[in-house]
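Remarks on the structure that follows.
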Amino acid sequence: MPPSTPDNGSTGADRTLDWDLAAATAARLMSSGPDVPRQEADRAVRDLRRASVAAESHVRELTGLGLDLPVLQGDVVDRPEWVRAAAHGLSELTGVALRSAGRPGALGADLLSGLGARGAGLQTGLVLSYLGTKVLGQYDPFLPSSRGTRPGQLLLVAPNIVAAQRALDVPADDFVMWVCLHESTHRLQFNAVPWLREHFAQSLGVLLSDMDSSLVELLRRLPSVLRGPRAGAESSPGMLGVVELLQGPEQRAALDRILALSTLLEGHADHVMDAVGPEVVPSVATIRRRFTERRNGGGLLDRLLRSLLGVDAKMRQYAEGAAFTRHVVREVGMDGFNAVWTSPEQLPTRAEISDPPSWLRRVHG
């Protein structure tokens with residue numbers, strides 16, 4: 001069942017940004033993906049659906065998460081369908097976050113009032129058009145479910161997975177399973193840990209609650225951030241550094257919580273997709289090596305866009321979070337690692353992500 005088109009009037013989410021226009025703009029700007037014969041495309045869809053079920057079973061066995069939950073197929077989508085779902089999910093997420101912070105209504109109202117709903121929608125559409133050609137899969141915990149009663153949707157972007165598999169020149173069955181392992185881990189994280197969705201939304205709500213003035217100041221400083229350090233000058237703090245400088249203590253603490261949690265979730269999923277091992281994905285070592293090289297590659301424009309959109313920061317999250325997970329699992333096993341899911345207080349802090357022994361001392365004595 002394809003994701004539904006965003007309904008800006010039905011959820012109470014922010015309505016300053018025209019999410020429908022953002023999705024439509026992105027869909028117009030994107031190519032449809034690789035040219036694949038219909039029979040091969042149908043087979044790829046069937047393989048992805050089957051792999052999404054098998055992958056979740058492997059993840060449950062390795063992690064011990066969600067053993068009593070029903071196993072559901074993922075939703076296989078094309079690029080425009082992913083864009084519509086992403087716009088809908090972002091609208092839902094910001095609405096939930098702002099309501100949790102006691103600020104139902106518009107995201108970035110002071111800033112976006114100058115751009116207008118259509119202008120903001122067009123700019124967001126440009127971002128989504130870039131990401132829509134890169135994202136392989138995504139679990140969105142804030143989308144209404146197309147199956148079952150729990151919120152959340154696992155999306156697998158078929159043309160991007162086919163294109164990446166061809167570019168990496170790795171076995172198709174192995175690559176499909178490898179991608180599904182990562183996304184199934186995210187689905188289990190949110191479905192097996194009842195408080196995780198609300199904890200994330202509350203932290204984001206605090207971050208967004210005083211964001212208008214910070215966003216305006218960030219745009220004012222953007223040219224100097226993009227120019228970077230000149231010869232003999234101090235290093236540029238980058239986009240994230242400027243954002244942190246503009247925030248008050250409460251917002252900085254919320255940002256730290258979000259970054260720590262995102263790094264944990266991505267690193268845990270990256271660890272799982274490799275730890276399941278060659279019994280499930282025989283070419284896992286080759287896929288990991290070539291995929292990492294591909295993540296680090298790209299032309300100048302691609303690297304600039306990745307930096308501006310925070311994609312490079314996300315790549316670092318994978319590495320840091322996976323290193324934290326490996327260290328903890330090596331020291332106390334997967335059951336010991338799973339203490340992170342017992343309560344928000346047991347989650348690693350941003351500092352502890354970089355220093356796993358400090359988390360082990362705090363939680364395991």
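General remarks:
- Karplus (6.51, -1.76, 1.60) ³J(HN,Hα), θ = phi - 60°, over the range 254-260, in Hz, Gly and Pro reported as x: 5, 4, 4, 5, 5, 5, 5
- By average C-beta atoms within 10 angstrom, highest first, the peptides 64-75, 177-188: 177-188, 64-75
- Amide H contacts of residue 143: 152, 153, each under 5 Å away and 5 or more positions distant or on a separate chain (H built 1.01 Å from N in the peptide plane; Pro and chain starts excluded).
- Cβ-based net charge around residue 285, under 12 Å, with every Lys or Arg adding one and every Asp or Glu removing one: +1
- Across the range 263-278, computed HN-Hα scalar couplings (Karplus, 6.51 cos²θ - 1.76 cosθ + 1.60, θ = phi - 60°) run 5, 4, 4, 5, x, 4, 5, 5, 4, 5, 5, 8, 6, 4, x, x Hz from first to last residue, x flagging Gly and Pro.
- Residues 83, 127, arranged from fewest to most other Cβ atoms within 10 angstrom of their Cβ, appear as 127, 83.
- In terms of packing, defined here as the mean over residues of other Cβ atoms within 10 angstrom, the peptides 161-173, 131-143 line up highest first as 131-143, 161-173.
- Coupling constants for the range 351-365 follow from the phi torsions by the Karplus curve (6.51 cos²θ - 1.76 cosθ + 1.60, θ = phi - 60°), and in residue order they are 5, 6, 4, 7, 9, x, x, 5, 5, 4, 5, 5, 8, 10, x Hz; glycine and proline get x.
- Residue-count net charge about residue 349 - beta-carbon cut-off 12 Å; Lys, Arg +1, Asp, Glu -1: -1
Here, each number is a calculation from the coordinates, and none is a lab measurement. Since the model is a prediction, treat every value here as computed from it, not as a measurement. When we count neighbours, we look across all protein chains shown, and the Cβ atoms used for this are built from the backbone with ideal geometry, even at glycine.
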